[in-house]
1. If R₀ is 22 angstrom, what is the calculated FRET efficiency for the pair GLU74 and GLN94, using the beta carbon separation as r and rounding to 0.05?
2. Around SER233, under 10 Å between beta carbons, what's the net of Lys plus Arg minus Asp minus Glu among the other residues?
3. Extension gain ASN312-MET30, at 0.36 nm per residue separation less the Cα-Cα distance, in nm?
4. Any chance you could check the Cα centroid distance between region 155-207 and region 345-373 for me, in angstrom?
5. I'd like the trypsin sites (Lys or Arg not before Pro) in region 205-264 restricted to DSSP loop residues with at most 16 other Cβ atoms within 10 Å, sorted by number.
6. Would you kindly state how much longer the chain becomes between ALA155 and LYS346 on full extension, computed as 0.36 nm times their sequence separation minus their alpha carbon distance, in nm to one decimal?
7. Are there chymotrypsin sites (Phe, Trp or Tyr not before Pro) in region 160-265 that DSSP puts in a loop and that have at most 15 other Cβ atoms within 10 Å, and which ones?
8. Do any trypsin sites (Lys or Arg not before Pro) in region 421-453 lie in a DSSP loop with no more than 13 other beta carbon atoms within 10 Å, and if so, which?
Amino acid sequence: MAKPLIKISFLTQDSGLGEAIARALGEGFMACTSSDRQIEQLAELRDWSDVILLDLRSANTEGDEESVLRLMDEIRNAPTHPPLVVLCEEENPQLIFRAIEHGADDSVTNPPNIVELRLILRRAYKFRAAEVELQRLRAQERLAGSLHELLGTSAPMQELFALARKIAPCNVNVLITGETGTGKELLARAVHHLSARNTGSLVAFSCANLPENLVEDELFGHEKGAFTGALLSRRGRVEAADHGTLFLDEIGDLGLGLQPKLLRVIQERNFERLGSNKTISVDIRLICATNRNLAEMVQQGKFREDLYYRLNVVQLHLPPLRERRDDIPLLAQGFLQKSAEQFDKKARRFSQRALVALEEHNWPGNVRELENVVQRAVVLSEDQTVDLAELPASLRSSVAQAETTELSEGPQVSRSYEDEVRRFKRSLVLRTLRECGWRKAECARTLGVARGYLHRLINQLEIHEEAEPTVDRREESAPLGPVM
């Protein structure tokens, strides 16, 4: 898929540097240079630009600093504005810190490393694109045709959304597969929402880690006196879902003794309550979900083959978050806005370092883990920008050790030039490989290097393709909040 053309506005007094950077950025970028004092052009620049690059080097005096910071405020105070990256001198760390306080999304030192600058600009663009897409999808949800509360612009999710929209109007059984935390219940609710049964109820029940007799009572109900303590008759979930949708989560945990009774409901559309001989007819659509391999369970004799084929008329697979990293900025921004509103916090965005940490984490807990991490970060944050320090230590370790050290000890920490170069090269190559799905030819084209040189870099930097993390299939299914 072709990369988008990223439009860069470079605000600088040095027209020569602006032209040089515009040429050096090369394919995939369109850059224009303007004076950083032409405030009357800001509205036009904000509308045109995907990212604004602001040169801070002309701020040599206190008055100049205040003027540049006012310009930054002018850019950021608009209701919508592109990300702001600042170009600065390494010898003036105080100005860099003040620029970050005034809303700069990232910084790059002069003279800029063009490969690093391309990476920073692409990440800033991706962050802005996530905000725009979130606003578009929310507007679409308010109108019509959205896939309920599920968000995702990656190719796997778009294919899943297309299939879900196609099968939703058809009254067929659906089996949703995917790891714990990927949002299977939200997908089930989306299918129900898009079906003709959306005026009826969606009744959800998890079969995980419950005794068989309790599951039977929950699903089919009982008559008064059916067992000790049954003082009143009670409707089960199957009956409650009449003319609607029944969603059974963790269907792989359903006991072998109950599977024939569920099969009868699917085939005959009727059942009896516990303690009753009266047959009750129901009109339901069945959607089931599991994080287990039902086909293997059939081979092992742990799941009925005839029930498996009845459930698996259409299968929808939710990919783990590590296989759709392009969706992480979109999901994270959605969770941030939701949590900021819920807890009345000022947080509005992530810093670039925080966004890098979120993108590089492997997310064994998938979207549910991401939501919890963002919620924690918003609660801890006191500013509009959620920074790396607000993220858990397990995520901070995903970012270069040098950056973590700088956060905790300040810029006075010295590091060897060779370590810095190796750290940067490894981080750049690893991130690009992940973004390209570990396709080395595409990674080489993205970095602008020969494929043979990339292979040598991978060996020298000891980069190994990441294996999928092991997921504990016995994990109890926790209540799933809205997955954006």
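Every number here is computed from the coordinates shown, using simple stated rules; none is lab data. Computed from a predicted structure; not experimentally measured. Quick reminder, even Gly has a Cβ in these numbers, built from the backbone with ideal geometry, and neighbours come from all protein chains shown.
1. 0.55
2. Neighbour charge sum, excluding SER233 itself: +3.
3. Details: separation 282, 0.36 × 282 = 101.52 nm, distance 4.89 nm.
Extra length from ASN312 to MET30 when fully extended: 96.6 nm.
4. 26 Å
5. Values: sites: LYS224, ARG234, ARG235, ARG237, LYS261, ARG264; in loops: LYS224, ARG235.
Sites meeting the loop and neighbour criteria: LYS224, ARG235.
6. Fully extending the segment from ALA155 to LYS346 adds 65.5 nm.
7. PHE227
8. Details: sites: ARG422, ARG423, LYS425, ARG426, ARG431, ARG434, ARG439, LYS440, ARG445, ARG451; in loops: ARG439.
Here the trypsin sites (Lys or Arg not before Pro) that fit, given the DSSP loop and packing criteria, are ARG439.
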